[in-house]
Amino acid sequence: MAQITEKELTALEDLMSVESVLAAKCCYMAQQTGDTALQDRYTQMAQRHQHHFDELFSHLK
């Protein structure tokens, strides 16, 4: 695998941070709403952001 430059590493860290925050916010919103349709949607969004985070993390291995 090719070496990751410092600039690319910084960009990955920033993107991972954003995805982590978005996943946490979606989980929080799912817990706060009483509407099951919204809970499902927020949960799906949280899972999608977690998947994005995992994909970005895989580039660091």
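Report the FRET efficiency, 1/(1 + (r/R0)^6), for residue 31 and residue 57, where r is their Cβ-Cβ distance and R0 is 25 Å, rounded to 0.05.
Details: r = 25 Å, r/R0 = 0.98.
It comes out at approximately 0.55.
What distance in nm lies between label points placed 7 Å from Cα along the C-beta direction at residue 10 and residue 38?
3.9 nm
Return the distance in nm (one decimal) between the two label points of a simple spin-label model at residue 3 and residue 20, each offset 7 Å from Cα along Cα→Cβ.
The answer from the label model is 2.6 nm.
Taking Cα atoms of the chain, Rg/Rh with Kirkwood Rh, to two decimals? The partial results should precede the final answer.
On the way: Rg = 14.4 Å, Rh = 12.5 Å.
When Rh is taken as the Kirkwood radius, the ratio is 1.15.
Counting only other residues whose beta carbon sits under 15 Å from that of residue 7, what net charge do I get with K and R as +1, D and E as -1? Mind showing how you got there, number by number?
Working: positive: none; negative: 6, 8, 13, 14.
Once all neighbours under 15 Å are counted, the net charge is -4.
Arrange the peptides 4-17, 39-52 so that the one whose residues have, on average, the most other Cβ atoms within 10 Å appears first. Could you put the intermediate results ahead of the total?
Working: 4-17: 12.1, 39-52: 15.5.
Result, highest mean Cβ count within 10 Å first: 39-52, 4-17.
Bear in mind these aren't lab numbers, they're just calculated from the coordinates by the rules spelled out. These numbers were taken from a predicted model, which means no experiment stands behind them. So basically every Cβ, Gly included, is an ideal-geometry build from the backbone, and we count neighbours across all protein chains shown.
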